[in-house]
Amino acid sequence: MKRLSLPFGYSMQSGQIVVLDTERTIVERIYSEYLSGASAGQIATALNDAGIAYKDVRGWNKNIVYRILDDIRYRGENGFPALICLEKWLAVAARRKEKATPYMEPAFQVVRKKLVCANCEGKLTRHLRKNKTAWWECRLCGRQTGVMDDADICHLIQKKLTWLYRNPHHIRNDGSAAQVSLESVRLERELTRLLADPTAEASKLDALAKQITQLRYLAIDPQNHAYKTEQILKTLNGTASQKDAADLLQKIVSRILLDKNGSVQVKLINGQIV
Ligand SMILES: [Zn+2]
């Protein structure tokens, strides 16, 4: 009965966890086949076809295979003897991460809250067309996009988050201070232009001045910057299971920048734009 609570490949003998050689071969096979490109479903089918028994009488399925691939005990942790060498286990983990779709598409309402003009970060007015399509106009600088599908914007965000998840090494602390100051130069130029324009609205000037102040604050506070960067990495770093994109947007993205050509970038809480 004890046997049931142990992972496949192990047995309890005189109070000791020992490796079952027949099952070790199968665990090794699963890891090797996955690394050579077989999907979890294909591996499960092949095991069932070969008449190899699993402790569950219903046989193998892809979820059992995933559980085996993700189980850190096979690399010799938590008091279990290693079945798979660390190198191979990590190679599988990397591949799992590569193939994962870590984020669901975020809901449009969540995206919309953070959507701003890529040129000046001004708020956008949504000019509704039909069937969840709209064109967007910046209230600050007046830039306009073509007609866009709400769902396409959400999909672009999902792709961006997935890219971030796979490339956390692109998130860095250095260099973004320069990026921040470049941006304030651009905003200050915009402010000068607006100040010279007698038709410019006071609210626009206010908003712009506020943004510049915020940016300056970020630029002179490297500690806060490092802290934010670490926070981003911590949030991104996790298992390969699906995560809540809305939650991620909430935690690491300060703005979603929509450009007039319909492209989307995100501005992270450390000021970095990706
Ligand atoms: Zn704008």
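So which of N167, N224, N237, N173 is at pLDDT below 85 and surrounded by 15 or more Cβ atoms within 10 Å (Cβ to Cβ)?
Only one candidate passes the filter, namely N173.
Quick one: would you say Y34 is modelled with pLDDT under 95, touching a helix residue (DSSP H, G or I) at 6+ places or on another chain (Cβ under 7 Å), more than 16 Å from the ligand (Cβ to nearest atom) and closer than 30 Å to L161 by Cα?
Taking the combined requirement at face value, the residue does not satisfy it.
Return yes or no: is E183 within 16 Å of the ligand (Cβ to nearest atom), at pLDDT 90 or above, closer than 17 Å to Q265 by Cα and of a type in the set (D, E)?
Details: within 16 Å of the ligand (Cβ to nearest atom): yes; at pLDDT 90 or above: no; closer than 17 Å to Q265 by Cα: yes; of a type in the set (D, E): yes.
Taking the combined requirement at face value, the residue does not satisfy it.
Scan the range 50-73 residue by residue and report those that are within 34 Å of the chain's Cα centre (by Cα) and aliphatic (A, V, I, L, M).
Listed by number, the residues that qualify are I64, V65, I68, L69, I72.
Is it fair to say W135 is aromatic (F, W, Y) and in the same structural domain as E201 (by TED's automatic domain parsing)? Can you show your working first?
Working: aromatic (F, W, Y): yes; in the same structural domain as E201 (by TED's automatic domain parsing): yes.
The answer is yes for W135.
Which of (1) within 23 Å of K228 (Cα to Cα); (2) under 26 Å from the mean Cα position of the chain (by Cα) does L124 not meet, given it meets every other one?
Failed condition: (1).
Do any residues in the range 7-33 that are over 15 Å from A82 (Cβ atoms) have Cβ atoms under 8 Å from those of residues that are of a type in the set (G, A, S), where the two are at least six apart or on different chains, and which pairs are they?
Within 8 Å, the pairs are I26/G9; E33/A46.
Going through the range 20-57 one residue at a time, which ones are among the polar types (S, T, N, Q) and surrounded by 15 or more Cβ atoms within 10 Å (Cβ to Cβ)?
Within the range 20-57, T45, N48 meet the criteria.
Do any strands (runs of 3 or more DSSP E) entirely within the range 81-163 hold 1 or more residues that are basic (K, R), under 30 Å from L187 (Cβ atoms) and within 16 Å of the ligand (Cβ to nearest atom), and if so, which?
The qualifying strands (runs of 3 or more DSSP E) are 124-128.
The values are calculated or read from the model by the stated rules, or taken from the named source; none is laboratory data. All figures in this text were calculated on a predicted structure; none of them were measured in a lab. Every residue, glycine among them, receives a Cβ derived from its backbone with ideal geometry; neighbour counts consider all protein chains shown.
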